[in-house]
Amino acid sequence: MTRFRNKAALTGVVAAGCLVIFLILFSQDVFQKVVENRIKEHAELKLNSEMYNNWKDPPVPAYLQFYFFNVENKQEILQGAKAIVKQLGPYTYKEFRHRANVSLFNNSTISATTQRSFVFEPTMSVGDPREDIITTINIPFITLLQMLRRSGITQKIFASALFTLKRNELFQSQSVEEWLWGYEHRLLKLGHKLLPSVFPGSQFGFFYGMNGTNDGEYLFNTGKDDYMKFTEVMMWNGQESLNLWASNACNMINGTDGASFHPLIKRDEKLYIFASDICRSFYLMFEKEVEVEGIGAYRFILPKEAFASDHPSNKECCPGGKCPLSGVLNISTCRQGAPIFISSPHFYNGDQRLVSDIGGMEPNTEAHQTFLDIEPMTGIPVRAAKRMQINIHVEAVKGVVQTNQMRTMILPVLFLNEQALIDDKSAVKLKSALYKIRVVTYIPYIFLSIGILLCLATLSLAFAAWRHKDNKDFTPVMLKLPDVEVH
């Protein structure tokens, strides 16, 4: 009996100790804090570290898809009818990214350029970009119209003469490859010959000169002194802020370049991204939890107010103080005066008038929402889709015959879907790292489990001791029969 009691007492003490340890660890989040502190310490760009190598040459494959809006009724548009367009695509290019000209400084900053190159991916495309023809607005022509409205009389006379030429029609048909990567435009060629100061070149293409080049020099924060500033853009092309917009808020350079983020992401924070192609910073907000390749992630989306012209972040960014309908942003200031307006594809989340003014618009969340799925503990993006539509603002100009009867419109030309999904090798590696992190954070629960098991063992031993005591105290009663004399 003593043996059972001693075992029960010893087991009970150990169980109580385990439960006390669990309560202390659980209430203080000891191991969770240990893990977070370790993650914060490693959130730094150090030369030749794994984090630095992944930042320099991102392992996650990325693709850039182009969808064009072919104009179906150009003659009717010239007579004042509503434009009708048909979406064609995707034309997909694999995107290769590489950080070049890297320099690390002592003040916790690192400078680099981001080289980008694109290779056509036929297996993810609907046709051949060299052969497929797209008809849309004559963008150099429309741009020159805007210059005409602001220029002097000499240039007006010159421009008006050009507009009378039949070859400079309002709509133009070119191959997908030419629209994207450039072709010699007759109007620009003539303009360059006569007024080279106004027309610096004869080539036009939405991404002319951008394949195999970079968008300028960035200065990033390495995160050494503050993990929350990991890979934040400190300067772009030597500027701490832009000087294109009417307000300081619009000119601010905020966040990262979108390729990486700080670890320990919270649901209630905004993820800021600086986009050099639109000369603006914008932010993403938490929507929901998702799972990508077996990895738990937070989905952050581009909120509706991102393109809302009446929102405080946009209303002071309108050139000339005149804002368009909610759902589009005028970035002509960023594009050398070209009347380019950006929006979500098919004017998703925009004013309904934008959708109804153009035939062929069918906005929906799944195909047109911009989002980022990010693993919150490490801050690693596991899936992303940046979707942006390029539109041209078209309006009649007095004295220009081609536009006399046209209605004012924001005409969609193409939209981009820049997407990335973590590959199998990277997913396995990330899941392994997350498993190790979870093992450490589960230590308090290991103590809890041990404590519960030992409590059960203590109860079992106590019950055994009680049974043993009862059995020892029980003394059988022997009945003595009376002597019986047998005759």
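In nm, to one decimal, how far is the E169 label point from the K398 one, both placed 7 Å along Cα→Cβ?
Simple spin-label model gives 2.9 nm for this pair.
Which parts of the range 346-361 would a label at A81 reach, counting a residue when its backbone N lies under 20 Å from a point 7 Å out along Cα-to-Cβ?
Residues 355-361 fall inside that zone.
For the pair K431 and E362, how long in nm is the line joining their label points, each one 7 Å along Cα→Cβ?
3.6
Tell me, what is a quarter of the convex hull surface for the C-alpha atoms of the range 218-267, in nm² with one decimal?
The Cα convex hull of the range 218-267, projected and averaged over all directions, gives 4.3 nm².
Quick one: go through the range 382-417 and flag any residue whose amide nitrogen is under 15 Å from the point 7 Å out along the Cα-to-Cβ line of V126.
413-417
Let me check I've understood the local charge: for K46, count other residues with C-beta under 12 angstrom from its C-beta, Lys and Arg +1, Asp and Glu -1. What total comes out? If you can, show how the numbers build up before the last one.
Details: positive: K56, K224; negative: E41, E44, E50.
Summing Lys and Arg as +1 and Asp and Glu as -1 gives -1.
Listed here are the pairs K304/K386; K266/K425; K270/K436; which of them are more than 23 Å apart at the Cα? Don't skip to the end; give the middle numbers.
Details: K304/K386 14 Å; K266/K425 26 Å; K270/K436 28 Å.
Violating the 23 Å limit, Cα to Cα: K266/K425; K270/K436.
Roughly how much of E232 is accessible, in Å² to the nearest 10, using a 1.4 Å probe?
Accessible surface of E232 is approximately 60 Å².
How high is the FRET efficiency from D268 to R186, r the C-beta distance, R0 41 Å, rounded to 0.05?
Numbers: r = 54 Å, r/R0 = 1.33.
Computed FRET efficiency for D268 and R186: 0.15.
Give the ranking of D268, D226 by solvent-accessible surface, highest area first, calculated with a 1.4 Å probe.
Working: D268 140, D226 55 Å².
Result, largest first: D268, D226.
Any idea which of F282, T333, N314 is furthest toward the positive side of the dipole for the range 282-333, if Lys and Arg beta-carbons carry +1 and Asp and Glu beta-carbons -1?
Toward the positive end, the furthest listed residue is T333.
Among the GluC sites (Glu not before Pro) in the range 63-114, which ones are in a DSSP loop with at most 13 other Cβ atoms within 10 Å of the Cβ? Mind listing them? Numbers along the way, then the final one.
On the way: sites: E72, E76, E95; in loops: E72.
Of the GluC sites (Glu not before Pro), not one in the loops of the range 63-114 has a Cβ with at most 13 other Cβ atoms within 10 Å.
Quickly work out the E316-to-L195 label distance, labels modelled 7 Å from Cα along the C-beta direction, and quote it in nm with one decimal.
If labels sit at L195 and E316, their model points lie 3.4 nm apart.
The values are calculated or read from the model by the stated rules, or taken from the named source; none is laboratory data. None of these values were measured; they are calculated from a predicted model. Methodologically, a virtual Cβ is constructed for each residue, glycine included, from the backbone with ideal geometry; neighbour enumeration extends over all protein chains shown. Note: areas computed on protein heavy atoms with side chains; ligands, DNA, RNA excluded. Shrake-Rupley method; radii C 1.70, N 1.55, O 1.52, S 1.80 Å.
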